[in-house]
Amino acid sequence: MATKVFDRDTLLDLTVNFIPLFILLFFLVGYFVYNPFKLGSTERILQYMLLATPFVLLAILTYLSGKAIASTEKSSPVYMPGAATVDGAEPIEDEHEE
Amino acid sequence: MQITGQLTLTVLMGLFLVIIAAWLARIEDWRSYTPLGSGGAAGESGYVSQEKPTGISRWLTTVDHKDIGMLYGAYGVLAFVVGGLMIMVMRVELLDPGMTLISNSFYNSLLTSHGITMLFLFGTPIIAAFANYLVPLLIGADDMAFPRINAIAFWLLPPGALLIWAGFFPLGDIIPAQTAWTLYTPLSTGAGGGNQANAGVDLMILGLHLTGVSATMGSINFIATIITERAEEVTWANLDIFSWTILTQSGLILFAFPLLGSALLMLLLDRNLGTSFFAIEAGGTMLWQHLFWFFGHPEVYILVLPPMGIVSYVLPRFAGRRLFGFKFVVYSTLAIGVLSFGVWAHHMFATGMDPRLRASFMAVSMAIAIPSAVKTFNWITTLWNGKVRLTTPMLFCVGFVSNFILGGVTGVFLASIPVDLVLHDTYYVVGHFHYVVMGAIAFAGFAGLYYWFPMFTGRMYQRRLGKIHFWTWMIGSNITFLAMIVLGYGGMPRRYATYLPKFATFHQLATLGALLMFVGGLVWTYNFVVSWLEGPRVQDGDPWNLRDDGMYTNEWQWFQDRQETAITDGGDEDVVADGGTEE
């Protein structure tokens with residue numbers, strides 16, 4: 001299913017959110033590899049949760065929104081954003097299609 | 001004696017409830033008052049076809065999204081004027097290092113009210129004004145999903161403002177709150193007595209609570225409207241960027257404002273009923289800051305996302321081409337929405353919180369800079385090789401981008417813990433966030449006001465005055481806020497009514513910039529009032545010639561349809577009798 005909805009162009013659009021996800025991942029790994037504070041404390045767990053929670057939530061929202069947009073793009077005509085109900089509006093060409 | 005008093009009060013209250021029950025029972029058919037035709041049980045919704053009442057009754061009883069949008073707009077602009085006048089008094093006071101024009105405690109009162117007024121009484125409502133007026137038009141809906149909730153949400157605001165400003169009115173012993181808008185405990189619990197124990201603080205908290213309830217009701221309405229009321233052609237793939245930002249902003253409000261409400265109630269209980277949520281010995285000071293900023297940081301994005309939406313929407317119209325990387329802007333808006341809940345403690349780096357937690361907040365704060373920067377590059381790229389027309393709304397959009405870069409970059413430095421520890425609580429922070437809230441958010445608001453002025457009023461403003469307004473504000477805001485950043489580097493602490501003489505020059509510069517903006521504000525007021533009354537009437541539904549570039553959009557189509565209908569009605573206009581011969 002991933003290949004159908006999340007084609008190359010959609011994934012390219014989603015890169016914009018992959019970058020903050022990568023930054024979060026970078027710090028998650030970074031703090032794991034190098035952490036000047038002692039292991040095993042509650043604060044250490046909280047430290048990771050504060051990074052992991054936004055990571056997971058952002059990944060979920062990116063997936064859902066990407067799916068919603070990409071699937072409607074494929075199932076119904078795409079007009080210029082904000083111009084769908086203009087008299088005589090014509091669907092725009094998808095810039096990704098070559 | 002005391003028992004008799006209580007008994008009387010109980011009887012009175014009982015009587016009051018009986019009267020309300022009786023009154024409710026007298027309204028026979030609630031459905032008949034439903035403004036939506038689809039809501040009527042058996043075609044009883046006859047009120048739909050009725051004309052709106054005239055005069056003041058129209059505005060007091062309206063459930064039309066456009067009217068409510070206008071009410072929000074009037075309210076927001078009035079609050080902006082009040083907040084603006086407050087800061088002018090403060091800036092004049094700051095011309096001189098000592099206490100001259102006003103007392104230090106009055107300065108603190110103005111400081112508190114200026115912040116709350118601009119954020120809660122101007123920022124949120126002016127966004128709601130655009131959203132109410134435009135979102136249903138943009139998505140092809142008849143009205144908001146819940147028109148009556150929409151009206152209630154607005155009407156909670158005026159009492160909210162009166163409560164927030166209550167201390168400034170001659171009400172016996174009540175004085176204005178002096179807690180700053182962040183209401184940090186233990187100062188705001190009134191534990192130390194004095195001015196902070198005054199009922200003015202309680203009234204302000206209650207007013208804040210009302211505005212929070214209002215914003216929450218509005219957000220639920222927007223979410224329901226955008227998800228369920230879109231026209232068939234308006235899909236997720238072509239939903240306009242302004243509606244996307246309103247949807248995201250409403251999600252943020254839904255999760256952030258109830259928390260503020262709870263925290264405010266806890267604060268009220270601490271102040272009045274002897275509870276100890278925020279007792280110092282129990283770590284209450286940190287608790288308040290965590291609760292407040294868990295709301296407070298998303299609030300920043302609640303305020304900035306829709307203005308970003310306005311700029312993303314208006315700027316391409318005058319660049320003659322579609323927004324570059326539209327979907328980048330949509331996804332990055334959603335990313336900001338999520339990440340904004342993971343950065344709150346970057347306001348608290350200097351509190352002595354656990355360094356491990358601090359490090360995580362720094363990481364997320366760095367990450368959230370990306371989606372904001374992506375938008376900025378998209379705006380710049382949209383302009384690149386575009387057919388740029390420097391109309392007043394376009395100037396304000398470009399001003400937004402410029403100021404947002406300055407506000408944003410200074411913010412990235414603050415996200416770094418070592419830098420923040422040096423600059424915390426200095427004018428650097430004040431300069432940074434004023435670049436964003438005034439330089440960017442207010443600029444986008446005015447871009448919107450100018451862009452849709454022909455639609456709101458049916459008339460055109462005076463272009464030259466519009467441009468004067470822009471340039472006074474652009475120059476004025478940069479003088480003021482740059483001076484603040486320099487003051488911050490020099491170590492000038494924020495919130496103080498007096499300062500060391502060595503800071504005088506830059507404070508005077510900041511005041512000069514503020515005066516320039518004041519003059520611009522006068523020009524704007526004159527322009528809008530006179531143009532609204534006497535400006536040239538807009539002749540067609542495309543005052544910006546958007547059709548030439550293929551940039552015509554839904555709301556102007558609605559405007560054109562309305563104009564054509566109005567002409568058919570045969571008003572006092574020059575009726576186009578030979579309609580249809582031209583084309």
Are any residues in region B:371-394 in a helix (DSSP H, G or I), under 22 Å from B:GLN462 (Cβ atoms) and β-branched (Val, Ile, Thr), and if so, which ones?
B:THR392
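Counting only residues that are more than 8 Å from chain A (Cβ to nearest Cβ) and aromatic (Phe, Trp, Tyr), which one in region B:339-391 is nearest to B:VAL300 (Cα to Cα)?
Narrowing region B:339-391 to residues more than 8 Å from chain A (Cβ to nearest Cβ): B:340, B:343-353, B:358, B:362, B:365, B:369, B:372-373, B:375-391.
Those still in the list that are aromatic (Phe, Trp, Tyr) too: B:344, B:349, B:377, B:379, B:384.
Details: B:TRP344: 10, B:PHE349: 18, B:PHE377: 21, B:TRP379: 21, B:TRP384: 29 Å.
My answer is B:TRP344.
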For B:ALA199, state whether it is small (Gly, Ala, Ser), free of Cβ contacts under 8 Å to residues at least 60 places away in the same chain and surrounded by fewer than 23 Cβ atoms within 10 Å (Cβ to Cβ).
yes
Which residue, of B:GLY207, B:GLY172, B:GLY212, is modelled with pLDDT under 90 and not acidic (Asp, Glu)?
B:GLY172
Restricting region B:215-247 to residues that are buried (at least 24 other Cβ atoms within 10 Å of the Cβ), among the hydroxyl-bearing types (Ser, Thr, Tyr) and touching a Leu at 6+ places or on another chain (Cβ under 7 Å), the residue that is nearest to the other protein chains (Cβ to nearest Cβ):
B:SER243
From B:PHE377, B:PHE326, B:PHE349, B:PHE294, residue being in contact with a Phe, Trp or Tyr (Cβ under 7 Å, 6 or more places away or on another chain) and among the aromatic types (Phe, Trp, Tyr)
B:PHE294
Flagged in region A:49-65 as at the interface with another protein chain (Cβ under 7 Å from one of its Cβ atoms) and small (Gly, Ala, Ser), in numbering order, are A:SER65
Find the residue count for region B:408-451, including only residues that are surrounded by 24 or more Cβ atoms within 10 Å (Cβ to Cβ), in contact with a His (Cβ under 9 Å, 6 or more places away or on another chain) and not aromatic (Phe, Trp, Tyr).
0
Scan (1) at positive phi; (2) in contact with a His (Cβ under 9 Å, 6 or more places away or on another chain) for the single condition B:GLY140 breaks and write down its number.
(2)
Matching helices (runs of 4 or more DSSP H) fully within region A:1-94 where at least 2 residues are among the charged types (D, E, K, R):
A:8-33, A:42-75
Could you list all residues from region B:452-498 that are of a type in the set (Phe, Trp, Tyr), surrounded by fewer than 18 Cβ atoms within 10 Å (Cβ to Cβ) and assigned to a loop (DSSP other than H, G, I, E, B)?
B:TYR496
Filter region B:327-338 down to residues that are in contact with a Ser or Thr (Cβ under 8 Å, 6 or more places away or on another chain) and at the interface with chain A (Cβ under 8 Å from one of its Cβ atoms), then give me how many there are.
6
Among the residues of region B:287-302, is any within 10 Å of chain A (Cβ to nearest Cβ), part of a helix (DSSP H, G or I), over 30 Å from A:PHE37 (Cα atoms) and aliphatic (A, V, I, L, M)?
no
Looking only at residues in region B:238-252 that are under 17 Å from the mean Cα position of the chain (by Cα) and without any contact (Cβ under 8 Å) to a residue 60 or more places away in the chain, which one is nearest to B:LEU210 (Cα to Cα)?
B:SER250
Only one of (1) small (Gly, Ala, Ser); (2) within 26 Å of B:SER477 (Cα to Cα); (3) away from chain A (no Cβ under 14 Å); (4) surrounded by fewer than 21 Cβ atoms within 10 Å (Cβ to Cβ) is not met by B:GLY399, so which one is it?
(4)
Cβ-Cβ under 6 Å, sequence separation 6+ or interchain: first residue in region B:517-532 and over 22 Å from B:MET70 (Cβ atoms), partner crowded, with 20+ Cβ neighbours inside 10 Å and among the polar types (S, T, N, Q). Which pairs?
B:VAL519/B:THR472; B:GLY520/B:THR472
For A:LEU11, indicate whether it is within 20 Å of the chain's Cα centre (by Cα), loosely packed, with under 14 Cβ neighbours inside 10 Å and more than 9 Å from chain B (Cβ to nearest Cβ).
yes
Does region A:21-48 hold any residues that are in contact with a Phe, Trp or Tyr (Cβ under 9 Å, 6 or more places away or on another chain) and facing another protein chain (nearest Cβ under 9 Å), and which are they?
A:LEU21, A:LEU24, A:LEU28, A:TYR31, A:GLU43, A:ARG44, A:GLN47, A:TYR48
Selection count where residues are in a helix (DSSP H, G or I), surrounded by 14 or more Cβ atoms within 10 Å (Cβ to Cβ) and away from every other protein chain (no Cβ under 14 Å), scope region B:531-566
2
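The values are calculated or read from the model by the stated rules, or taken from the named source; none is laboratory data. Bear in mind the structure is a predicted one, so any value in this text is a computation, not a measurement. All Cβ positions, even for glycine, are placed from backbone atoms using ideal geometry, and neighbour counts span all protein chains on display.
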